[in-house]
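The values are calculated or read from the model by the stated rules, or taken from the named source; none is laboratory data. All values derive from a computational prediction rather than experimental measurement. Cβ placement follows ideal geometry from the backbone for every residue including glycine, while neighbour counts extend to all protein chains displayed.
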Amino acid sequence: MPQLEASVAIDFHSETYKDAYSRINAIVIEGEQEATQNYQKLAELLPDDHDQLLSLARMEGRHKKGFEACGRNLSVTPDMEFAREFFAQLHGNFQKAAAEGKVVTCLLIQALIIECFAIAAYNIYIPVADDFARKITEGVVKDEYSHLNYGEEWLKANFEASKAELEEANRQNLPLVWQMLNQVEQDAHVLGMEKEALVEDFMIQYGEALENIGFTTREIMRMSASGLAAA
Ligand code: PL3
Ligand code: FE2
Ligand code: FE2
């Protein structure tokens, strides 16, 4: 059982671990906070799905509370300033798209890119997490699949009308994911998470999502490679 060995080898109370955790924990808290706001904004932009989107927003608020508890449990103070900086570009792109009423771009950023990033990170984190954080993260990741599914279903139902905007939004936002992964690589490693595994899991989730929405394999290959040289 390699997973058990890995978690036994990690000292969750060492200064090195807690220092890395102060940034990763903050990123996750900030990510859940921004997801809350993003689904609230989407609820305004998509009146037909208003109540469902507000319910997703509430789930994100609960995720944030769960991860705050994970930090407290390890006596770690999250470095929220670092985390806001970490999300600044993606956050700015979402705000700009929302202001322009570009709902397809907003859905790509939040319901596809951010959710796939979260699913990859949480899946890789679960086997190396402390017992308290593992239980919380297992509950959270189930919800994230349902958020990804919401985005897939909406974009699938509106595929032809969304396709060009999705391709453009992918070009502008996917490179940011590779930059963000590079920024957390060291800290993630201290937590027992390898960048290669994160990239692989992200690519699988994102590629499957694009396939479910209606893109061909060729299109998915081209879109996934966007900005990948930076990874
Ligand atoms: C949307 O529901 C949540 C958005 C959260 C985004 C998290 C991205 C995390 C990337 C950092 C990699 C290490 C994660 C460790 C997990 C505790
Ligand atoms: Fe979440
Ligand atoms: Fe989510």
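Brief remarks on what is shown
- Among the candidates PHE94, PHE132, PHE67, residue that is under 14 Å from ASN38 (Cβ atoms) and at pLDDT 95 or above: PHE94
- When ILE113, ILE24, ILE109, ILE29 are checked against the criterion of being within 13 Å of ligand 2 (Cβ to nearest atom), among the hydrophobic types (A, V, I, L, M, F, W, C), part of a helix (DSSP H, G or I) and at pLDDT 95 or above, ILE29 stands alone in meeting it.
- Restricting attention to the range 139-156 and to residues that are more than 11 Å from ligand 1 (Cβ to nearest atom) and among the acidic types (Asp, Glu), the residue that is farthest from ASN123 (Cα to Cα) turns out to be GLU153.
- Criterion applied to ALA129, ALA164 was being more than 16 Å from ligand 3 (Cβ to nearest atom), within 27 Å of ARG222 (Cβ to Cβ) and hydrophobic (A, V, I, L, M, F, W, C), and the one residue passing it is ALA164.
- When restricted to residues that are among the polar types (S, T, N, Q) and crowded, with 16+ Cβ neighbours inside 10 Å, the range 46-94 contains 1.
- Residues considered: ALA120, ALA97. Of these, the only one that is away from ligand 3 (no atom under 15 Å from the Cβ), small (Gly, Ala, Ser), surrounded by 16 or more Cβ atoms within 10 Å (Cβ to Cβ) and closer than 26 Å to LEU228 by Cβ is ALA97.
- Qualifying residue in the range 33-40 (condition: of a type in the set (Val, Ile, Thr) and within 24 Å of GLY151 (Cα to Cα)): yes
- In the range 37-78, the qualifying residues are those that are over 26 Å from LEU174 (Cβ atoms) and of a type in the set (Asp, Glu), and the one that is farthest from ligand 1 (Cβ to nearest atom) is ASP48.
- Pairing residues of the range 61-73 that are within 18 Å of SER14 (Cβ to Cβ) with residues that are of a type in the set (Ser, Thr, Tyr) and assigned to a helix (DSSP H, G or I), at Cβ distances under 8 Å and at least 6 apart in sequence or on separate chains, gives CYS70/THR137; GLY71/TYR21; GLY71/SER22.
- Taken together, TYR206, TYR145, TYR125 contain a single residue that is hydroxyl-bearing (Ser, Thr, Tyr), under 16 Å from THR105 (Cβ atoms) and under 15 Å from the mean Cα position of the chain (by Cα), which is TYR206.
- Tabulated pairs, the range 102-127, first small (Gly, Ala, Ser), second outside any helix (DSSP H, G or I), C-beta under 8 angstrom, 6+ apart or interchain: ALA121/MET193
- Contact annotation: no residue pair with Cβ atoms under 9 Å, 6 or more positions apart or on different chains, pairs a residue in the range 79-96 that is at positive phi with a partner that is at pLDDT 95 or above and surrounded by 16 or more Cβ atoms within 10 Å (Cβ to Cβ).
- Among residues of the range 163-178 that are modelled with pLDDT of 95 or more and of a type in the set (Gly, Ala, Ser), those with a Cβ under 8 angstrom from a residue that is assigned to a helix (DSSP H, G or I) and buried (at least 17 other Cβ atoms within 10 Å of the Cβ), sequence gap 6+ or separate chain, pair up as ALA169/ALA97; ALA169/VAL104; ALA169/THR105; ALA169/LEU108; ALA169/ILE109.
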